[in-house]
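Structure first, then comments.
The values are calculated or read from the model by the stated rules, or taken from the named source; none is laboratory data. Since this is a predicted model, take the numbers as computed values, not measurements. Here the Cβ positions follow ideal geometry from the backbone for every residue, glycine too, while neighbour counts run over all protein chains shown. Keep in mind that these areas ignore ligands, DNA and RNA; they rest on the heavy atoms of the full protein, side chains included. Shrake-Rupley method; radii C 1.70, N 1.55, O 1.52, S 1.80 Å.
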Protein chains: 2
Amino acid sequence: MADPVVDDLRAFLDGSRAEVRDECRNLEPELFGTPPEPLDVDAHRARVRRQLARLAETPWPAGGFPVEQGGTARFADSVTALEMLGHADLSLLVKAGVQWGLFGGAVSLLGTDRHHALLPEIIAGRLLGCFAMTETGHGSDVQGLLTTATFDPATDEIVVHSPAPAARKDYIGGAAHDATVAAVFAQLIVDDENHGVHCVLVPIRDAAGRPEPGVTVSDCGPKLGLNGVDNGRLLFDHVRVPRTNLLGRYGDIDDDGRYRSPIASPGRRFFTMLGALIRGRISVGGAAGAAARSALALAVRYGDERTQFAKPNSDEEVRLLDYRTYQRRLLPRVAESYALAFAQSELVSAMDDVLSGRAATEQDQRQLEARAAGIKALMTWHATETIQECREACGGAGYMWANRLASLKADTDIFTTFEGDNTVLLQLVAKGLLGDYQETFGDLDTLGIIRFGARLATGTVLERSAMRGLAQKIIDATPGRPDEPPFTTRGAQLRLVREREEHLVETLAIRLRRVSESHADAFDAFNRCQDHLVETARAHIERVVLEAFAAAVETAPAGEARVLLDRLCDLHALSTIERHKAWYLEHDRMSPARTKALTARVNELCEQLRPDARRLVDAYGIPAAWLTTEMMSDHAAGYW
Amino acid sequence: MADPVVDDLRAFLDGSRAEVRDECRNLEPELFGTPPEPLDVDAHRARVRRQLARLAETPWPAGGFPVEQGGTARFADSVTALEMLGHADLSLLVKAGVQWGLFGGAVSLLGTDRHHALLPEIIAGRLLGCFAMTETGHGSDVQGLLTTATFDPATDEIVVHSPAPAARKDYIGGAAHDATVAAVFAQLIVDDENHGVHCVLVPIRDAAGRPEPGVTVSDCGPKLGLNGVDNGRLLFDHVRVPRTNLLGRYGDIDDDGRYRSPIASPGRRFFTMLGALIRGRISVGGAAGAAARSALALAVRYGDERTQFAKPNSDEEVRLLDYRTYQRRLLPRVAESYALAFAQSELVSAMDDVLSGRAATEQDQRQLEARAAGIKALMTWHATETIQECREACGGAGYMWANRLASLKADTDIFTTFEGDNTVLLQLVAKGLLGDYQETFGDLDTLGIIRFGARLATGTVLERSAMRGLAQKIIDATPGRPDEPPFTTRGAQLRLVREREEHLVETLAIRLRRVSESHADAFDAFNRCQDHLVETARAHIERVVLEAFAAAVETAPAGEARVLLDRLCDLHALSTIERHKAWYLEHDRMSPARTKALTARVNELCEQLRPDARRLVDAYGIPAAWLTTEMMSDHAAGYW
């Protein structure tokens, strides 16, 4: 039975990419959904290979590549399709992300024409690759990688080598079995000079699946989840590849054997190369959001039907979602899932602008990187915490494999770590916030940031340009009135969240200046600001996310759906502020009476939204076949 | 290399039950540890059967039963042995807990002489049983179970029946395969009168493993974790068992076919029967604590060795645990793990007193139940959150099955739900706190608690008896001084934590009185206090736990270990207070300047404790063989 409010909400959520979402919704659930029972590692990997082959028949892999490279330049659609796979078997999402996002992305964005010739085979899934960046000894610290790629002018070859066990490439998706080529990140050494980390294509196994000479491959074996992905390890013993295998867009070896780069600063070059690869991060965030929405859809439907304990003096049993503790557990997370979905949609649009060249400045690129890092961190933590809460909210049923929460939980758990550890990412965001990112490219180390904080605090520059005009208009239209609680209007909510961010950035800058002026050990001094740095980044992204939600409400056509969305945005704003209640009290931004009233209002909003909870999760638009669970068919059969 | 400080710390933690702990530490790790690779459901179940048989050869199963029933009455030792199994394969813990704690416990504590005759076979593991309480439709609400046990005087039998699909027994450990007898909880109907939930022994399968006539058995199939346990479902179609199969200690049918009970009130009878079974809850809490300690030991060792990023102007890479964010993630949890371990030890001693008859009053029993419920809730949430944090702290390595965090996470996840959903348990604790628990036994429903809150708030009775004398002495010896921050002394810490509990209890009572006086819908009115109820219980248990830690420090002999323990207790106390910073500010118990100083002090304590972090986790006394992981052998082999 169609519910126009659900349809409207779904249209808002789908946004400008409703078409690709609908196409994904029509994928065969029996092939793409979580396997009907847990498979052993080999069977699961085989299934994912079949899924990948099927996906290669769709238009989305080509969407991730420019037309001149054999693609269709539908960047946003291609990332949105990956997001939708977050509702399906997440192993496929990772497998597809590795093949087209990371491996294909490296070839496309770091390579030159001669490498782009490979892309049709990569897009078609006939040439399978892996992305060999992380080493056992170095993950987040990519600049610290040990693997070397040494140019040998005598043979015009590059020698790829693991100089120590710690140079072993680790956790590499596709390396254990399927990939025939690796995009290997290594220190590029030309004429005894280290030019920093570059990427080289290295064949790792032949068509029969045998490792190439000098390549030692091993299997990471079973994992907590994502067992459909063949993560493996690679060690290189002086493996020789042609010089032209260097993906040389940002740094190449010319025919005379000399290193050439269009970017003079090694630091800047490194960050430019890494920055080219943000799509993976954006896709992971998107898929995490989808997985969290799946979990919320399951838990809200269960809580909407399952009863527990009779009402006083009555035989009528109470539905779980009528209990305040349940509402508190689930509804603020539903609100957050909307907020993050809107923020993700904006991020994908910004990515599309950059990749298509519509937004071409360095500033556009840097903003996109910071935004992508921050939203990935908040989105993946949201997923981990939300899925956990949903599992607990479904009690014993939530623990049964047949009810899907178990696999959602296990599969997404690593999202907080891969494509950048969240804590490290937030520190990058904070550094970006502190000012003119570009100027530090020459020396972006921990001391650099300190000097940098010093420069900043003496002068100006809280970066405000990210503050959207619409949010500012809402705030301006809402003059503070001393006689009303300061959180009932959207403008007041936005102002509170923004004030926190601004204060954190300003005080961080001041602390860093003090640190740089003192004679303390530079590391110790910096380290003592680390929690401040992380909190600042979080506050920044929370503001960005709330603004995205507020903007979506503002632009929605009037009607019942908008009223609901508006209330949901209130809940999101107020539960964000409530989470930082101690901060608002400590900094005298809210009085105790107001923070108490705030909590009361959050409770009230949960009560008001409860009757629409089911609609809110129906509007996610997750195909019914992908949400089929034993617990709900048990319900239909009268087992509860 | 022996470290006397580690030995001393371990002795404090082991407490009075060091001997049984050491015996468990010597169990064969290759049999009892997590399987070296994930097994499929059948293989894992078979392994757990072998483990159970081996465990039956140890003295601990018999310890759980009185001498006159064929046991050795070493109650505390038997529960401590289960706790130690929390370091091993957790499927065995659950399997053993079902066999001896729940099934054996029901026979021992709810049965009479004729049932006790079975105990030697149960203790020896030759008669395997299951504990069939939960139904698909009713879990936490045991009084709402649908299964009936109807006395048929014509044949002197009891007819056990599932009157509806929702009466299906669900998630029952042992039911899918191994158990031959079920302790079935059902509404006992004698002469058309329902006497409430009682427990009846029902044979469910014969020696050949075939279901008994009228019994339908099915398998819950794969789960997120604990796949060594054969959870199953049971449906009964008019299954007849002799009248004497009723476990009749608290309610029996006499030879004349009349129902008799030593307890007149049905409500009180029900809670007495349930109260007899708290051992399971205590064991789950203990094992959760052990699992969290395993995870912390793994993560702290990793963080103590693994480096990431070089220091400014240096090649020296920084160890993870030197970063503030890492210290913040792990060290307060190490402190909490100590606090909870001391609280658990006290709880086990109190249980021993009750079960052995040394503490025999109804008040002793009720206090024990409340304490067990509350500590189970906090301990299992501590485990879920801590293991998650440890997984993230170990990055990609934490996700690999070979590094154990994956299985710890998956196996313990359900602990927050089984043996009582944590949220429901905390509400029970809060109700207990509100006063004289006994008097409400006649009508302990949601309305009862409201009436009850009314009575309380008009009169007296914040239950203070649980406040230990020693804590009071510490507080008394610490007069508040206006010129010093109010959190540096143990007495001030205890006072802050106690004040919060007291305020929450008092205001809860007042709210409940108002509610009972208003004419609002009773359920709605009560429901609006539900979050307050849960928070009150949490505050109460947090106080109990901190007092247990403080008492352990007080009683420890002077020396380096005590100094360390004292500092760790500071960290635990202050991070507990910090978590509720907003509350202290809202209620004007601390000024903003002081809460800021508090956070600074928590950071400082983390720094001070960091050099001893490894010692603190070594002192858990987890056998090296049970902590063997690929990541640490990789480290030894130079891979990082």
Q) Label 7 Å along Cα→Cβ of A:Asp353; the range A:370-405 residues with amide nitrogen under 19 Å? A) A:370-376
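How long is the gain from A:Arg258 to A:Thr155 if the chain were fully straight, where each residue apart is worth 0.36 nm and the alpha carbon distance is subtracted? Don't jump to the answer; show the numbers that get you there.
Values: separation 103, 0.36 × 103 = 37.08 nm, distance 1.42 nm.
35.7 nm is the gain from fully extending A:Arg258 to A:Thr155.
I need the Kirkwood Rh of the range A:129-264: take the reciprocal of the average 1/r across all distinct C-alpha pairs and report it in angstrom. If you can, show how the numbers build up before the last one.
Details: mean 1/r = 0.0667 Å⁻¹.
Roughly 15.0 Å, rounded to one decimal.
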Q: For the range A:209-313, run through the trypsin sites (Lys or Arg not before Pro) and keep only the ones in DSSP coil with at most 14 other Cβ atoms within 10 Å of their Cβ.
A: A:Arg258
**Q.** Volume per residue of the C-alpha convex hull in the range B:202-244, rounded to whole Å³
**A.** 99 Å³
Q. Using a 1.4 Å probe, what is the accessible area per residue for the range A:145-253, in Å²?
A. 34 Å²
Q. Looking at this model, which pairs from A:Lys169/B:Lys223; B:Lys169/B:Lys431; B:Lys169/B:Lys376; A:Lys376/A:Lys409; B:Lys95/B:Lys376 are more than 26 angstrom apart at the alpha-carbon?
A. A:Lys169/B:Lys223; B:Lys169/B:Lys431
Q: Treat each spin label as a single point 7 Å out from the Cα along the C-beta direction, and report the B:Asp476 to B:Asp524 distance in nm.
A: 4.9 nm
Q.
Whole-Hz ³J(HN,Hα) for each residue in the range A:413-429, computed from phi via Karplus 6.51 cos²θ - 1.76 cosθ + 1.60 with θ = phi - 60°, x for glycine and proline: what do you get?
A. 4, 7, 4, 5, 9, 7, 6, x, 4, 3, 5, 5, 4, 5, 5, 4, 4
(Q) Suppose accessible area is computed on protein heavy atoms with a 1.4 Å probe; arrange B:His635, B:His177, A:His87, B:His532 from highest to lowest. (A) B:His177, B:His635, B:His532, A:His87
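Return the tail of the calculated pair distribution for the range B:157-227, meaning the percent of Cα-Cα pairs more than 19 Å apart. Write out the running numbers ahead of the final one.
On the way: 989 of 2485 pairs.
Cα-Cα pairs of the range B:157-227 separated by over 19 Å account for 40 percent.
Which net charge results when you count Lys and Arg as +1 and Asp and Glu as -1 among the other residues whose beta-carbon is under 12 Å from that of A:Thr136?
Details: positive: A:Arg168, A:Lys169, A:Arg233, B:Arg306; negative: A:Glu135, A:Asp170, B:Glu630, B:Asp634.
Once positives and negatives cancel, what remains is 0.
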Q. With each run of n ≥ 4 DSSP H residues scored as -39500 (n - 2.57), what mean residue ellipticity at 222 nm is computed for chain B after dividing by its residue count and rounding to the nearest 500 deg cm²/dmol?
A. -17000 deg cm²/dmol
(Q) Taking amide H atoms as placed 1.01 Å from N in the peptide plane, list the residues 5 or more away in sequence, or in a different chain, whose amide H sits under 5 Å from that of B:Arg240. (A) B:Val160
Q: Please turn the phi angles of the range A:598-609 into ³J(HN,Hα) values with the Karplus equation 6.51 cos²θ - 1.76 cosθ + 1.60 (θ = phi - 60°), one per residue in order, whole Hz, x for glycine and proline.
A: 4, 4, 4, 5, 4, 4, 5, 4, 4, 4, 5, 7
(Q) I'd like the accessible area for A:Val497: 1.4 Å probe, protein heavy atoms, all chains in place, Å² to the nearest 10. (A) 10 Å²
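Tally Lys/Arg at +1 and Asp/Glu at -1 over every other residue whose Cβ is under 11 Å from the Cβ of A:Arg45; what's the total? Walk me through the numbers before you get to the answer.
Working: positive: A:Arg47, A:Arg49, A:Arg50, A:Lys95; negative: A:Asp40, A:Asp42, A:Asp178, A:Asp219, A:Asp230.
Residues near A:Arg45 contribute -1 overall.
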Q: Could you point to the residue in A:Tyr323, A:Ala96, A:Tyr639 farthest towards the positive end of chain A's charge dipole, with +1 and -1 charges on the Cβ of Lys/Arg and Asp/Glu respectively?
A: A:Tyr323
Q. What are the semi-axes of the equivalent ellipsoid for chain A, taken as the square roots of 5 times the Cα gyration tensor eigenvalues, largest first, in whole Å?
A. 42, 32, 21
Q: Enter the Cα centre distance for the pair the range A:386-427 and the range B:113-157, rounded to the nearest angstrom.
A: 36 Å
Q: Count neighbours as other Cβ atoms within 10 Å of each site's Cβ, and list the trypsin sites (Lys or Arg not before Pro) in the range A:121-214 that are DSSP loop with at most 16 such neighbours.
A: A:Arg126
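Ignoring ligands, DNA and RNA, how much accessible area is buried between chains B and A, both sides summed, with a 1.4 Å probe, to the nearest 100 Å²?
Values: alone 25690 and 25730 Å², together 44140 Å².
Heavy-atom accessible area buried at this interface is about 7300 Å².
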Q. Kirkwood-based Rg over Rh for the range A:4-123 (C-alpha set), two decimals?
A. 1.02
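Could you put A:Met632, B:Met351 in order of accessible surface area, largest first, with the 1.4 Å probe and the full protein assembly present? Please list the in-between numbers first.
Details: A:Met632 50, B:Met351 0 Å².
Listed by decreasing accessible area, they come as A:Met632, B:Met351.
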Q | With all protein chains modelled, accessible area of B:Arg324 [1.4 Å, Å²] | A | 20 Å²
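From the gyration tensor of the Cα coordinates in the range B:278-624, what semi-axes in whole Å does the equivalent ellipsoid have, largest first, with each one equal to sqrt(5λ)? Could the numbers behind the result be given before it?
On the way: eigenvalues 261, 111, 80 Å².
Largest first, the range B:278-624 gives 36, 24, 20 Å.
At a temperature of 10 °C and a viscosity of 1.306 mPa s, determine how fast the protein assembly as shown diffuses translationally according to Stokes-Einstein, using the Kirkwood radius over alpha-carbon pairs as Rh; express D in µm²/s, rounded to the nearest whole number. Numbers along the way, then the final one.
Values: Rh = 32.1 Å.
So the translational diffusion coefficient is about 49 µm²/s.
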Q) Which residues' amide hydrogens lie under 5 Å from the amide hydrogen of B:Ala73, considering only partners 5 or more residues apart or on another chain, with H built in the peptide plane? A) B:Phe65, B:Val67
Q) What is the local net charge at A:Ala406, summed over the other residues whose Cβ is closer than 15 Å to its Cβ (Lys, Arg +1; Asp, Glu -1)? A) -3
Q: Name the residues whose placed amide hydrogens come within less than 5 Å of the amide hydrogen of B:Leu247, ignoring near sequence neighbours (fewer than 5 apart) on the same chain.
A: B:Cys199, B:Val200, B:Leu201
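To the nearest 0.05, what FRET efficiency results for B:Arg25 and A:Glu362 with a Förster distance of 56 Å applied to their C-beta separation?
On the way: r = 60 Å, r/R0 = 1.07.
Approximately 0.40, to the nearest 0.05.
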(Q) What is the angle, in °, between the Cα long axis of helix B:490-517 and the longest principal axis of the Cα atoms in chain B? Nearest 10 is fine, range 0 to 90. (A) 40 degrees
Q) What part of the accessible area of the range A:264-326, given as a whole %, is carbon or sulfur when the probe is 1.4 angstrom? A) 44 percent
Q: Anything losing 10 Å² or more of accessible area from the isolated chain to the full protein assembly: pick those residues out of the range B:207-249, probe 1.4 Å, ligands and DNA/RNA ignored.
A: B:Cys220, B:Pro222, B:Lys223, B:Leu224, B:Arg233, B:Leu235
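How big is the Rg/Rh ratio for the range B:270-364, C-alpha atoms only, Rh by Kirkwood, two decimals? Present the calculation step by step, with values, prior to reporting the outcome.
On the way: Rg = 20.8 Å, Rh = 16.4 Å.
Rounded to two decimals, Rg over Rh is 1.27.
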Q | Phi to ³J(HN,Hα) by Karplus 6.51 cos²θ - 1.76 cosθ + 1.60 over the range B:139-152, Hz, x for Gly, Pro | A | x, 4, 8, 5, 5, x, 3, 9, 4, 10, 10, 9, 6, 10
Q. Taking Cα centroids, how far is the range B:606-633 from the range B:524-544 in Å?
A. 36 Å
